[in-house]
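**Student:** The structure's right below; bear with me while I get my questions together.
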Amino acid sequence: IPRRVTVSSFYMDETEVTNVQYREYLFWLDRIFGETYPELARKALPDTLVWLEELAYNEPFVQYYFRHPAYNSYPVVGVNWLQANEFCRWRSDRVNEMTLVSEGVIELDPNQYGAEHFNTEAYLLGQYEAVEKNGMENLDPNGEATRRVRFDDGILLPGFRLPTEAEWEYAALAIISEGDD
């Protein structure tokens, strides 16, 4: 049923998530959870059988589309809604982790494993045991000189997510607001 909805401002990637980006996510899942929870990486695999159609010869795509380097820059296909949401959560955590590293707040730990991986929510709740290099200046005269980064400091980004139906339709119209070039 057609109806009028209001869409708040939002950001959206210019392009779809590519095969190589999604394979990076799978590699990370396998590296972090592969020994203890191998089903996590298996559940995240895209369904390559989406290429099979009754009157089409797409069998090479079933075998090569996701894995062959020739298709690295092509959009990932066969990912369901739950897998896409988990990818968004992973991407949010990786972006916020690298933001804290580049701001000099935490040190990058390339040996993360299992439950010891960076998670934005755990960090904000004080449950992430990172090697803190520097904190934010604490303006509380009764507190310590520095404190942990909080979300309202503007350093951490809000979580990536899938667009709503209204946002998707609005983006598909490609309306550019006044003043945008």
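Computed from the coordinates by the stated procedures, all read-outs in this text should not be read as laboratory data. The shown structure was predicted, so the numbers you read here are calculated from the model rather than taken from an experiment. Every residue, glycine among them, receives a Cβ derived from its backbone with ideal geometry; neighbour counts consider all protein chains shown.
**Student:** Tell me, what ³J(HN,Hα) does each residue in segment 2-8 have, in order and in whole Hz, if you take phi through Karplus 6.51 cos²θ - 1.76 cosθ + 1.60 with θ = phi - 60° and put x for Gly and Pro?
**Tutor:** x, 8, 8, 10, 9, 10, 6
**Student:** With a Förster radius of 41 Å, plug the Cβ-Cβ distance of residue 138 and residue 72 into 1/(1 + (r/R0)^6) and report the FRET value to the nearest 0.05. Show your work: numbers first, answer last.
**Tutor:** Numbers: r = 45 Å, r/R0 = 1.10.
So the FRET efficiency works out to roughly 0.35.
**Student:** When the label point is put 7 Å from the Cα of residue 1 along its Cα-to-beta-carbon vector, which residues of segment 153-169 have a backbone N closer than 20 Å?
**Tutor:** Once the point is set 7 Å along Cα→Cβ of residue 1, 165-167 turn out to lie under 20 Å by backbone N, inside segment 153-169.
**Student:** Still on this structure, please answer the following. Computed on alpha carbon atoms, what radius of gyration and Dmax characterise segment 1-62, expressed in Å?
**Tutor:** 18.0, 50
**Student:** For residue 18, what residues show an amide H to amide H distance below 5 Å, using hydrogens built from the backbone and excluding near sequence neighbours?
**Tutor:** 76
**Student:** Rg (Å, one decimal) plus Dmax (Å, integer) for the alpha carbons of the chain?
**Tutor:** When restricted to Cα atoms, the chain yields Rg and Dmax of 20.5, 73 Å.
**Student:** Quick one: which of 29-35, 146-152 comes out on top by average Cβ neighbours within 10 Å, and what's the full order, highest first?
**Tutor:** Numbers: 29-35: 16.0, 146-152: 13.9.
Most protected by this proxy first, the peptides run 29-35, 146-152.
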